[in-house]
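Peer 1: One structure, as structure tokens, below. Some questions next.
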Amino acid sequence: MRIGHTMKVQVLLFVSVLSLGSVHSQVSYSIPEEMLKGSLVGNMAKDFGLDVERLKSGKARIFSRDGDKYVELNKERGVLLIKNRIDREALCAETTPCALHFQIILENPMEFYSVTVEVTDVNDNPPSFDKTDVKFKISESAVRGAKFILDRAVDLDVGVNGLQTYKLEPTENFVLRLHSQADGTKNVEMVLEKALDREKQEHLSLVLTALDGGEPQMTGTMQILITVLDANDNAPILTQSIYKASVRENSPVGTVVMTVTATDADEGSNGKIAYSTSSTLDNARGLFEINPESGEIRLKGNVDYEKARSFQINIRASDYGGLVDSCKVMIDVIDVNDNKPDIQIMSKSNVISEDAKLGTVVTMINIEDADSGENGKVHCSINNDIPFVMKATTENFYTLMTDSELDRERAYEYNITVSCSDEGVPSLSSSVTLSLQISDVNDNAPVFDRSSYEAYIVENNTPGLSIFTVKATDADWKQNARVSYILEDSSVNGVPVSSYVSVSADSGIIHAVRSLDYEQIKDFQFRVKAQDGGSPPLSSNVTVKILIQDQNDNPPQPDKES
Ligand SMILES: *[C@@H]1O[C@H](CO)[C@@H](O)[C@H](O)[C@H]1NC(C)=O
Ligand SMILES: *[C@@H]1O[C@H](CO)[C@@H](O)[C@H](O)[C@H]1NC(C)=O
């Protein structure tokens, strides 16, 4: 309720009609609503030409069918005063003009006067909306020109004090359009002027202001809360178009290789992303899998550097609205030292003659290591207590050859161990052992166990008696070491020695051929040759001396000279 300032009571109309016997008069006043109790409505005594005494004597009173609720008569002063505050809007609503009609009745003589009090509007009501706020949900895909009906405001005041217009702020996305209706009211529409973008602004708050034409002006507001609904207007975006990753070969199944990430500015299913692989090249198929929700790429099979050194996977990120982005993932396989050097014997002698020349090649070897870099660099060696060396010919090829004299009689076989190891950390190695036999050459003559022999035989022996045995040994092997004994030709007392003794070729047993007589021969000597079965044979000889021992086989004889 706003009352006050320059309100003035104005007598707008004064009509006085005289009729027969009684005075009929009518007076009108115009007052603003909301005057304080006791305020002056009008000086009726003066306006009707009555004095105060007459009012008293005539017991002047107000007659009103509606009761005398608003105005009272002050007989002492002859004035009409406000009895109760008048609210024009309560009294008349939208009816104009708004007026109170009543009569003032007097007795002695009986007469009445009609009074009309017009109640004028004061701008004491602001425009107001039913609700303090209104909510809209509008898709960001709504097109320009889309209309949204807003509630009207109501202003109880009338005329210029009533509702005049509206304004909408801010004006960035929407403009206000008012349509005048036949009944004088206005339909209020909010029209989309500039498309909404949920990703930029999800919630908008506008204020609709209703203004009246009063002085001062009064306003009412209603908040318009807009929630922008998502439309799938954003595709997923992968953070990179090409990703690079690496994985060690032999990594266990389930190893996380890397994670791709896409973002989607939309919300809900429009922004939910599913990752998948697409058109993956054959060599990567079955080796990698992607978690559709997290974008994590894991190993599903075994990667072997020796089979494939890199992979390319095409990844697709799709939102549930069907928009897609794609990228490539390049995966390098890192070599792990998982291959031992592989030793291949290309060619090999099983036997070598002990007289082989220095530098004779006995084995050719090829070495491969499937790993790369340091992991595939190989060094080889052989045991060093043997008369062989290993030499690299070209990369990965080695030859084994003799580097000093061989002697079957010292070592008849060699076990040559070839050991190879790579430079990986830790290093892997492998080895092979080759067995090499040394074949015999007749390079040793038989050797008698003594440098000379002496033997005794008692005279008168039986012929064929074995006297003793000579023995020679040969360091060579088999045939080369088979010794035969031969009696060398010589003569004893003019007869061949073979008429005295014989030698058994196999056993070296020396037999007496005849019975010997000390009185004829006291001793004799000969040579025995030991010869091996080699080709050509080798031999040596030894001197054997036979001493004949006397027996008392002759009677004493008289000394012819005595
Ligand atoms: C060589 O190896 C074989 C088989 O292991 C073994 O019987 C032989 O005694 C070895 N020879 C040498 C000279 O070590
Ligand atoms: C017997 O051996 C000696 C050396 O031990 C040799 O000089 C001689 O020629 C050999 N004699 C025969 C007949 O082989």
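Peer 1: Only one residue in Leu196, Leu156 is under 30 Å from Asn270 (Cα atoms) and not in a strand (DSSP E or B), so which one is that?
Peer 2: From the options Leu196, Leu156, the qualifying one is Leu196.
Peer 1: Still on this structure, I have one more. Can Asp385 be described as surrounded by 14 or more Cβ atoms within 10 Å (Cβ to Cβ) and away from ligand 2 (no atom under 16 Å from the Cβ)?
Peer 2: The answer is no for Asp385.
Peer 1: Return yes when Thr259 is surrounded by 14 or more Cβ atoms within 10 Å (Cβ to Cβ) and either under 30 Å from Ser128 (Cα atoms) or not assigned by TED's automatic domain parsing to the domain that holds Leu299 (or both) and no when it is not.
Peer 2: no
Peer 1: Consider Lys529 against the criteria (1) assigned to a strand (DSSP E or B); (2) open to solvent by less than 20 Å² (accessible area, probe 1.4 Å); (3) touching a Ser or Thr at 6+ places or on another chain (Cβ under 6 Å): it satisfies all of them except one. Which criterion is unmet?
Peer 2: Lys529 satisfies all of (1) assigned to a strand (DSSP E or B); (2) open to solvent by less than 20 Å² (accessible area, probe 1.4 Å); (3) touching a Ser or Thr at 6+ places or on another chain (Cβ under 6 Å) except (2).
Peer 1: Touching a helix residue (DSSP H, G or I) at 6+ places or on another chain (Cβ under 7 Å), at pLDDT below 95 and surrounded by 15 or more Cβ atoms within 10 Å (Cβ to Cβ), is that true of Asp319?
Peer 2: Yes: the conditions hold for Asp319.
Peer 1: Further, regarding this structure: State which residue is most open to solvent (accessible area, probe 1.4 Å) when the search covers only segment 134-182 and only residues that are under 28 Å from Asp121 (Cα atoms) and either of a type in the set (D, E, K, R) or not assigned by TED's automatic domain parsing to the domain that holds Arg198 (or both).
Peer 2: Top of the filtered list is Arg152.
Peer 1: So the check is Cβ under 7 Å with 6+ separation or different chains; which pairs have a first residue in segment 77-97 that's over 16 Å from Thr120 (Cα atoms) and a second one that's open to solvent by 70 Å² or more (accessible area, probe 1.4 Å) and part of a helix (DSSP H, G or I)?
Peer 2: Gly78/Lys46
Peer 1: Now for a different question. Having 3 or more residues that are within 16 Å of ligand 1 (Cβ to nearest atom) and open to solvent by 30 Å² or more (accessible area, probe 1.4 Å) is the bar; report the strands (runs of 3 or more DSSP E) wholly within segment 394-442 that clear it.
Peer 2: Result: 413-422, 429-439.
Peer 1: Now for a different question. If we scan segment 537-546, do we find a residue that is over 19 Å from Tyr453 (Cα atoms) and at pLDDT below 95?
Peer 2: There is no residue in segment 537-546 that is over 19 Å from Tyr453 (Cα atoms) and at pLDDT below 95.
Peer 1: Just for segment 532-546: of the residues that are open to solvent by 60 Å² or more (accessible area, probe 1.4 Å) and touching a strand residue (DSSP E or B) at 6+ places or on another chain (Cβ under 6 Å), which one is farthest from Ser502 (Cα to Cα)?
Peer 2: Pro537
Peer 1: Oh, and also: Just to be sure, is Ser535 assigned to a loop (DSSP other than H, G, I, E, B), more than 16 Å from ligand 1 (Cβ to nearest atom) and closer than 28 Å to Ala411 by Cβ?
Peer 2: For Ser535, the condition - assigned to a loop (DSSP other than H, G, I, E, B), more than 16 Å from ligand 1 (Cβ to nearest atom) and closer than 28 Å to Ala411 by Cβ - is met.
Peer 1: Which residues, taken from segment 191-230, are buried (at least 17 other Cβ atoms within 10 Å of the Cβ) and of a type in the set (Gly, Ala, Ser)?
Peer 2: The answer is Ala210, Gly214, Gly220.
Peer 1: Mind checking whether some residue in segment 506-518 is in a loop (DSSP other than H, G, I, E, B), free of Cβ contacts under 8 Å to residues at least 24 places away in the same chain and out of contact with any helix residue (DSSP H, G or I) (no Cβ under 6 Å at 6 or more places or on another chain)? If you could, list the steps in order and put the result at the bottom.
Peer 2: Step one: filter segment 506-518 for residues in a loop (DSSP other than H, G, I, E, B), giving 506-508, 513-518.
Narrowing the set further to residues that are free of Cβ contacts under 8 Å to residues at least 24 places away in the same chain leaves 506.
Narrowing further to those that are out of contact with any helix residue (DSSP H, G or I) (no Cβ under 6 Å at 6 or more places or on another chain): 506.
Yes: segment 506-518 contains one or more residues that are in a loop (DSSP other than H, G, I, E, B), free of Cβ contacts under 8 Å to residues at least 24 places away in the same chain and out of contact with any helix residue (DSSP H, G or I) (no Cβ under 6 Å at 6 or more places or on another chain).
Peer 1: Sticking with this one: Among the residues of segment 171-218, count how many are more than 49 Å from the chain's Cα centre (by Cα), closer than 21 Å to Lys135 by Cα and among the polar types (S, T, N, Q).
Peer 2: Residues meeting the conditions: 2.
Peer 1: Just to be sure before I move on: is Asn187 surrounded by 16 or more Cβ atoms within 10 Å (Cβ to Cβ) and without any contact (Cβ under 8 Å) to a residue 60 or more places away in the chain in the structure I sent?
Peer 2: Values: surrounded by 16 or more Cβ atoms within 10 Å (Cβ to Cβ): no; without any contact (Cβ under 8 Å) to a residue 60 or more places away in the chain: yes.
For Asn187, the condition - surrounded by 16 or more Cβ atoms within 10 Å (Cβ to Cβ) and without any contact (Cβ under 8 Å) to a residue 60 or more places away in the chain - is not met.
Peer 1: May I pose another question? What do you reckon, is Val497 over 24 Å from Asn554 (Cα atoms), within 16 Å of ligand 2 (Cβ to nearest atom), in contact (Cβ under 8 Å) with a residue 24 or more places away in the chain and in contact with a His (Cβ under 9 Å, 6 or more places away or on another chain)?
Peer 2: Here the answer is no, as Val497 does not meet what is asked.
Peer 1: Still on this model: Could you please let me know if Glu454 is touching a Gly at 6+ places or on another chain (Cβ under 7 Å) and open to solvent by 70 Å² or more (accessible area, probe 1.4 Å)?
Peer 2: no
Peer 1: Can you tell me how many residues in segment 521-555 are of a type in the set (Gly, Ala, Ser) and more than 10 Å from ligand 2 (Cβ to nearest atom)?
Peer 2: 4
Peer 1: A further question on this structure: Residues of segment 466-491 being more than 16 Å from ligand 2 (Cβ to nearest atom), within 25 Å of Gln549 (Cβ to Cβ) and either open to solvent by less than 50 Å² (accessible area, probe 1.4 Å) or touching an Asp or Glu at 6+ places or on another chain (Cβ under 8 Å) (or both), which ones?
Peer 2: Matches in segment 466-491: Ile467, Phe468, Lys471.
Peer 1: Continuing with this model, one more query. Given the options Val495, Val513, Val544, Val501, name the one that is touching a Ser or Thr at 6+ places or on another chain (Cβ under 7 Å) and either of a type in the set (Lys, Arg) or more than 16 Å from ligand 1 (Cβ to nearest atom) (or both).
Peer 2: Numbers: Val495 fails: touching a Ser or Thr at 6+ places or on another chain (Cβ under 7 Å); Val544 fails: touching a Ser or Thr at 6+ places or on another chain (Cβ under 7 Å); Val501 fails: touching a Ser or Thr at 6+ places or on another chain (Cβ under 7 Å).
That would be Val513, the only listed residue that is touching a Ser or Thr at 6+ places or on another chain (Cβ under 7 Å) and either of a type in the set (Lys, Arg) or more than 16 Å from ligand 1 (Cβ to nearest atom) (or both).
Peer 1: Also, I was wondering about something else. Can you confirm whether Glu249 is open to solvent by less than 50 Å² (accessible area, probe 1.4 Å), within 20 Å of the chain's Cα centre (by Cα), acidic (Asp, Glu) and assigned by TED's automatic domain parsing to the domain that holds Gly321?
Peer 2: Values: open to solvent by less than 50 Å² (accessible area, probe 1.4 Å): yes; within 20 Å of the chain's Cα centre (by Cα): yes; acidic (Asp, Glu): yes; assigned by TED's automatic domain parsing to the domain that holds Gly321: yes.
Yes; evaluated as a whole, the condition is true for this residue.
Peer 1: Residues in segment 99-119: is at least one out of contact with any Asp or Glu (no Cβ under 8 Å at 6 or more places or on another chain), among the charged types (D, E, K, R) and at pLDDT below 90?
Peer 2: yes
One line per residue, one yes/no per condition, for (1) polar (S, T, N, Q); (2) assigned to a strand (DSSP E or B):
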{"site": "Lys69", "(1), (2)": "no, no"}
{"site": "Glu72", "(1), (2)": "no, yes"}
{"site": "Leu80", "(1), (2)": "no, yes"}
{"site": "Asn84", "(1), (2)": "yes, no"}
{"site": "Leu91", "(1), (2)": "no, no"}
{"site": "Glu94", "(1), (2)": "no, no"}
{"site": "Ala99", "(1), (2)": "no, yes"}
{"site": "Val119", "(1), (2)": "no, yes"}
{"site": "Asn123", "(1), (2)": "yes, no"}
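Peer 1: Being out of contact with any Cys (no Cβ under 8 Å at 6 or more places or on another chain), surrounded by 12 or more Cβ atoms within 10 Å (Cβ to Cβ) and either charged (D, E, K, R) or not in a helix (DSSP H, G or I) (or both): is that true of Ser502 here?
Peer 2: The answer is yes for Ser502.
Peer 1: Another question about this same structure. Could we say that Val336 is open to solvent by less than 50 Å² (accessible area, probe 1.4 Å), assigned to a strand (DSSP E or B) and touching a strand residue (DSSP E or B) at 6+ places or on another chain (Cβ under 9 Å) here?
Peer 2: Judged against the criteria, Val336 is not a match.
The values are calculated or read from the model by the stated rules, or taken from the named source; none is laboratory data. In this text, all values refer to a predicted model and were calculated from it rather than measured experimentally. A quick note on method: Cβ atoms are made from the backbone with ideal geometry, for glycine too, and the neighbour counts reach across all protein chains shown. When the accessible area is computed, the model is the full protein with side chains, heavy atoms only, and any ligands, DNA or RNA have been set aside. Shrake-Rupley method; radii C 1.70, N 1.55, O 1.52, S 1.80 Å.
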